[in-house]
Structure formats: C-alpha cells, structure tokens
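Taken together, the values in this text are just the output of simple stated rules run on the coordinates, not laboratory data. The shown structure was predicted, so the numbers you read here are calculated from the model rather than taken from an experiment. Here the Cβ positions follow ideal geometry from the backbone for every residue, glycine too, while neighbour counts run over all protein chains shown.
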Amino acid sequence: MKRDDLLKSLLPQYVKPGCTWLDVGAGDGSVSLELNKLLKPSDFLCIDIKPGKRKPFHPTVHQFDGTGEGLTFFNGRPSYDFILFNFVLHHAAHRMWDLLQAAATRTNCIVIQEYLLEEWPGPPRPGKSVKELLHEHDPKAIYHSFSEWESLLREKLHQHRSAIDSIRHPDIPVTDTFGYHVPRGIFIVNFQHAKAK
C-alpha cells in the first residue's frame, strides 16, 4: 500500500468529476497529478512555501507565504470544491489553525491527511517509537493523536457548522516518502452538508 492510496480511494465519495481543488503544501505537485487522473477536475491549483522541483509533466506549483492571510488572498480562484492539506499541517505548527480558518472561507470541504502522534495498538514494536520517528521527520512540527485531531477540528471550526468524517489508516505496511511506518489519519471536514441539515 502506498502512502496516498487510502486518500485516493476515499475522495470520489466526497467530490464529483469536474470539481476544483487547491492543494496547499503541494511540494512538487505529484499528488495532485495523480488525483487529476482519478477525479478529472475542471481546474486545480498547487501552492507551497518552497515549491519542489517539478518534472515537465507535473503541474506548476505556485509559491505563497504559508500564512492564513496569504491563503485567503492568494491570486487564484475565489473558491474551490475542496482544499487539500496532505501531510502539511504538522509543518505549519502554530499557523495550522490560521490556515484552516482561511481555507474554511474558500471551500465547502477541507481534506486533511496527517501523521498521528500515537503508538500502534498491541505490544510495543521493535525499533524507534512513533514519537521518535516523527521528531526525526520534523523536530519543530506539532503532531496530534487521532482523537486530538477530531476534538480540535470541532473546537476550532465550530462556527462554520462543520461535519467531520474521520478515517484511521489500517494497520498495514505503507510505502512512505520518508520511510516511516507511523499511524496516519484522514479527516474530511464538510461544511456544505452541515449547513444543509
């Protein structure tokens, strides 16, 4: 199983062909390139603080300043069907909630995939702990457990009347860019469904 396989299998349940999306922290844009083949969007945009070196077939990744204000006023579309934060928010650390608040004003759906700060269930595994692996990945990052993510998203985005679907990755080996086999979760924050109730 590759890192983004579960994300790609879930998204068609939430978005339709012809959708538009903004990929925040897109790196080289490779994930959006794969989603492009799957979802057949009408438009998508990739942005990053430090755009990765893209190959000729990758989408252009535009640079932005990494702040909520920068996201709100980024020179793109006024709104998107969904905004993707794929293993990005832990790097944003104390700016993550500003980014999510800004995103909530520009979309009906926020999709988050994140590493989880919790050990695997069952007996301890050999080697380094999840906490040690995540610290190696980015010692300045802020990580949360699955339940902490759920609680914080409800607390921070409550004024937007959001409905949250939370999916924990199955406990199976995952091929990851960084070689870390740590727990992961996907959180789909849907504003449109909540407002329609």
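Quick notes
- Shown in residue order for segment 60-66 are the 3J(HN,Hα) couplings computed by the Karplus curve 6.51 cos²θ - 1.76 cosθ + 1.60 at θ = phi - 60°: 5, 9, 8, 8, 9, 8, x Hz (x for Gly and Pro).
- In segment 5-196, taking the dipole from charged Cβ atoms about the Cα centre, the farthest positive-side position among I188, Y80, L157 is held by Y80.
- Too-long pairs where the Cα-Cα distance tops 18 Å, listed order kept, from K8/K131; K8/K37; K16/K37: K8/K131
- Amide H to amide H distances under 5 Å link D23 with L45, C46, I47, L84, where only residues 5 or more positions off or on other chains count and H is placed in the peptide plane.
- Computed over the chain, the quotient of the alpha carbon radius of gyration and 2.2 N^0.38 Å is 0.99.
- The charge dipole of the chain, taken about its Cα centre with unit charges on the Cβ of Lys, Arg, Asp and Glu (plus for the first two, minus for the last two), comes to roughly 460 debye.
- Applying 0.36 nm per residue to the separation of Y14 and L38 and subtracting their alpha-carbon distance, the gain on full extension is 7.3 nm.
- Label-point separation in nm, S166 to E148, each point 7 Å along Cα→Cβ: 1.3
- Applying both filters, DSSP loop and at most 11 other Cβ atoms within 10 Å, to the trypsin sites (Lys or Arg not before Pro) of segment 8-106 gives K53.
- Computed [θ] at 222 nm, helices only, for the chain once each DSSP H run of length n ≥ 4 contributes -39500 (n - 2.57): -7500 deg cm²/dmol
- Most to least packed among 40-51, 146-157 [average Cβ atoms within 10 Å]: 40-51, 146-157
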